[in-house]
Amino acid sequence: MSSPAIATVIKMMESLSEDVQERVAEHLREYLEDLQDELKWNKSFKKTQQRNRSQELSYYCKK
C-alpha cells in the first residue's frame, strides 16, 4: 500500500545520484530497524506496567 508520504520520499530519492540513493536507503533501513525496536520495547513496557497495576490491584483488593 502506497501513501502520499511514500510517494514523496520516492520522488525525493529519484532526484539523487545512485550512490547517494544507496546511502539514503541504508540510513532509512537503520532508522526503521531502530524505530521497530523502540516500538517493540514500548509495547513490552506497556504490558509490564499493566501487569504490575493488575497485581497491585489484586493485592489491595485482598486486604
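The values are calculated or read from the model by the stated rules, or taken from the named source; none is laboratory data. From a predicted model like this one, the values you see are computed outputs, not experimental measurements. Please note: Cβ atoms are built from the backbone with ideal geometry, for glycine as well, and neighbour counts cover all protein chains shown. SASA here: full protein model, heavy atoms, side chains in, ligands and nucleic acids out. Shrake-Rupley method; radii C 1.70, N 1.55, O 1.52, S 1.80 Å.
Things worth noting here:
- Per residue, in Å², the accessible surface of the chain once ligands and nucleic acids are set aside, probe 1.4 Å: 98 Å²
- Which of Thr8, Tyr31, Gln50, positive extreme of dipole for the chain (C-beta unit charges): Gln50
- Per residue, the chain reaches -32000 deg cm²/dmol at 222 nm when only DSSP H runs of four or more residues are counted, each adding -39500 (n - 2.57).
- Here semi-axes √(5λ) of the Cα gyration tensor in Å was computed from the coordinates, and among [x] 46, 13, 5; [y] 23, 15, 10; [z] 34, 15, 6 the match is [x].
- Fraction of accessible area attributable to carbon and sulfur, the chain (%, probe 1.4 Å): 56 percent
- Size of electric dipole in the chain: Cβ of Lys, Arg +1 and of Asp, Glu -1, about Cα centre, debye, nearest 20: 1060 debye
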